[in-house]
Amino acid sequence: TANDLFAPDQAPPHHPRSGQMDPRQSHGKEVGTHMRPYELMYLVQPTADDERLVAISERLQQSVTSLGGTVDKAGPALRRRLAYPIGRFRDGQYSVLEFKLPADQSREFERVIKLTEDILRHLVIRRDE
């Protein structure tokens, strides 16, 4: 009846678009805490000295750990001739960083990379698990 529909002691029916995830869809994993493996290759200006390269690498590694991730491997910087000029540079120093990061933190890490002025180009890819 119409009076039973608005009775105060009944809980409203669950609406599928209410923003709450159905526990059957989580497959036993907590949302946002799953660590995904990534690889970052970044290119630094050729004018950067060893101290600056170490500082950039440490900043990126600290960013990964502060976002709840772990660093698997940090490669040394290698100098290479570029296929085309980037800005006014024909050479560059590149390095590779392998790390794991929670899935919901990858955009924040990309923001940190973009704020690092010495990095000319970068590429973050998700490695196979």
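Can you tell me which residue in the stretch 22-46 is modelled with the highest pLDDT, limited to those that are open to solvent by less than 80 Å² (accessible area, probe 1.4 Å), of a type in the set (A, V, I, L, M, F, W, C) and closer than 18 Å to Arg107 by Cβ? Applying the filter and picking the extreme gives Leu40. For the stretch 99-129, the set of residues classified as open to solvent by 40 Å² or more (accessible area, probe 1.4 Å) and either among the acidic types (Asp, Glu) or touching a helix residue (DSSP H, G or I) at 6+ places or on another chain (Cβ under 6 Å) (or both) consists of Asp104, Glu108, Glu110, Glu117, His122, Asp128, Glu129, listed by residue number. Taking (1) in contact with a Phe, Trp or Tyr (Cβ under 7 Å, 6 or more places away or on another chain); (2) of a type outside the set (A, V, I, L, M); (3) at pLDDT 95 or above in turn, Arg81 satisfies each apart from (1). Going by what's in this entry, would Arg52 be described as surrounded by 15 or more Cβ atoms within 10 Å (Cβ to Cβ) and under 16 Å from Leu115 (Cα atoms)? Spelling it out, Arg52 is indeed surrounded by 15 or more Cβ atoms within 10 Å (Cβ to Cβ) and under 16 Å from Leu115 (Cα atoms).
How many of the residues in the stretch 70-90 are in a strand (DSSP E or B), open to solvent by 40 Å² or more (accessible area, probe 1.4 Å) and either touching a helix residue (DSSP H, G or I) at 6+ places or on another chain (Cβ under 9 Å) or over 22 Å from Pro37 (Cα atoms) (or both)?
As a first pass, look at the stretch 70-90 and keep what is in a strand (DSSP E or B): 70-74, 78-86, 89-90.
After this cut, where a residue has to be open to solvent by 40 Å² or more (accessible area, probe 1.4 Å) as well, the list is 70-74, 78-81, 83-85, 90.
From what is left, the residues that are either touching a helix residue (DSSP H, G or I) at 6+ places or on another chain (Cβ under 9 Å) or over 22 Å from Pro37 (Cα atoms) (or both) are 70-71, 74, 78-81, 83-85, 90.
The number of residues fulfilling the criteria is 11.
The values are calculated or read from the model by the stated rules, or taken from the named source; none is laboratory data. From a predicted model like this one, the values you see are computed outputs, not experimental measurements. Glycine gets a Cβ as well: all are built from the backbone with ideal geometry, and neighbour counts include every protein chain shown. Ligands, DNA and RNA are excluded from the accessible area calculation, which covers all protein heavy atoms including side chains. Shrake-Rupley method; radii C 1.70, N 1.55, O 1.52, S 1.80 Å.
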